[in-house]
Amino acid sequence: MLFSNFSIDFFIFGVMPYIALTVLVVGSIARYERDPFTWKSSSSQLLRRKQLVWGSILFHVGIIIVFGGHLIGLFTPIWVLDTLGIPYAMKQWLAVILGGVAGIAALIGATMLIHRRVTDPRIWRHTSVADIGILVMIWVQLFVGLGTIFLTLQHMDGAEMVRFMTWSQSVVTLELNAWAEVIDVHWMYKFHIFLGLLITMLFPFTRLVHMVSGFAAPFRYLLRPGYQLVRSRRQKPLPKRGTSKVTPAE
Ligand code: HEM
């Protein structure tokens, strides 16, 4: 066999996270610098609104909770759980219930968005391969993620979850041998993580980039340079061009 299970595991858990993070950061910066005007959601709202509203709300609310849950769930240091006295089993239940409900909402929303895109000829004409490709990948990822819940329910002591947390955190702390922590998990978890890392890599090249703007916009607004000059109605008319300097508003 050309690739043993060992080398596939090493690639998915030991190498791919670093490739994914590098492509995510470098790709996003390059796209923002080179094509800032393509950094958008490319909304098709004007073409057909009704089905978009429900599909979009369910998808966005669901996916934001799933993403937030993954970040908090995987990257909270284990000593924090121990210090706060949170049992691992309790955290596991929380992940299953909250992630399960949010995942189902996102899956229903994604199904509606895909249906709308492929059945309306006008929207389909404005759909790129990247648009539909990433939506289908997210749909599959949600489906597989929800599928892992059935495996998780067979070991609700939280021990498996702690192994995933140890591995995720070791990627950030550069403990390069930690990939061996998760090699004997069920293939469905492995496939889920592989697809998750692939989506992370494709992120900068799809419309998903608008997510960053959603999080960054409020901060950019607060930190915007200078302030606005608003003229009152009672203000003296502006002097003719080239005659004198403009006096600032009172
Ligand atoms: C590299 C990225 C990802 C990693 C490492 C990852 C890891 C995991 C793990 C370990 C579980 C099982 C949790 C448990 O049972 O304790 C899980 C569940 C799940 N994942 Fe992911 N995932 C990733 C990306 C994604 C993405 C992009 C989506 C959605 C598009 C997603 C959707 C779900 C859902 C719906 C579940 C089941 C509910 C839950 O436990 O939250 N995952 N994921």
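Where a number appears in this text, it was derived from the coordinates with a stated rule and is not lab data. Remember, predicted model here, so these are calculated numbers, not experimental data. Backbone-built Cβ (ideal geometry, glycine too); neighbour counts: all protein chains shown.
Can you compute 3J(HN,Hα) from phi for each residue in segment 185-202, using the Karplus curve 6.51 cos²θ - 1.76 cosθ + 1.60 with θ = phi - 60°, rounded to whole Hz and x for Gly and Pro?
7, 4, 4, 5, 5, 5, 5, 4, 6, 4, 5, x, 6, 5, 4, 4, 5, 7
In whole angstrom, how long is each semi-axis of the equivalent ellipsoid of segment 5-222, when you take the square root of 5 times every eigenvalue of its Cα gyration tensor and sort them from largest down? Numbers along the way, then the final one.
Details: eigenvalues 195, 86, 61 Å².
In descending order the semi-axes read 31, 21, 18 Å.
Got a sec? How would 61, 144 order by Cβ neighbour count within 10 Å, fewest to most? If you can, show how the numbers build up before the last one.
Numbers: 61 14, 144 17.
By the 10 Å Cβ count, ascending: 61, 144.
Measuring from centroid to centroid over Cα atoms, what is the spacing of segment 43-122 and segment 145-210 in Å?
Measuring centre to centre over Cα atoms gives 16 Å.
Give, rounded to the nearest 20 debye, the magnitude of the charge dipole that segment 5-222 has about its Cα centre when Lys and Arg contribute +1 at Cβ and Asp and Glu contribute -1 at Cβ. Intermediate results must be reported in sequence, preceding the final value.
Values: 15 positive and 11 negative charges, 264 e Å.
Its charge dipole is roughly 1260 debye.
Please state, as a whole number in µm²/s, the translational diffusion coefficient that the Stokes-Einstein equation yields for segment 162-206 at 37 °C and 0.692 mPa s, with Rh defined as the Kirkwood radius across alpha carbon pairs. Working shown, then result.
Values: Rh = 11.5 Å.
For these conditions, the coefficient is 285 µm²/s.
Fewest to most neighbouring Cβ within 10 Å: what's the order for 129, 172? Working shown, then result.
Values: 129 7, 172 10.
So the ranking, lowest neighbour count to highest, is 129, 172.
Going by how many other Cβ atoms sit within 10 Å of their own, how do 54, 187 line up, fewest first? Before the final figure, lay out the partial values.
Working: 54 13, 187 9.
Lowest to highest Cβ neighbour count: 187, 54.
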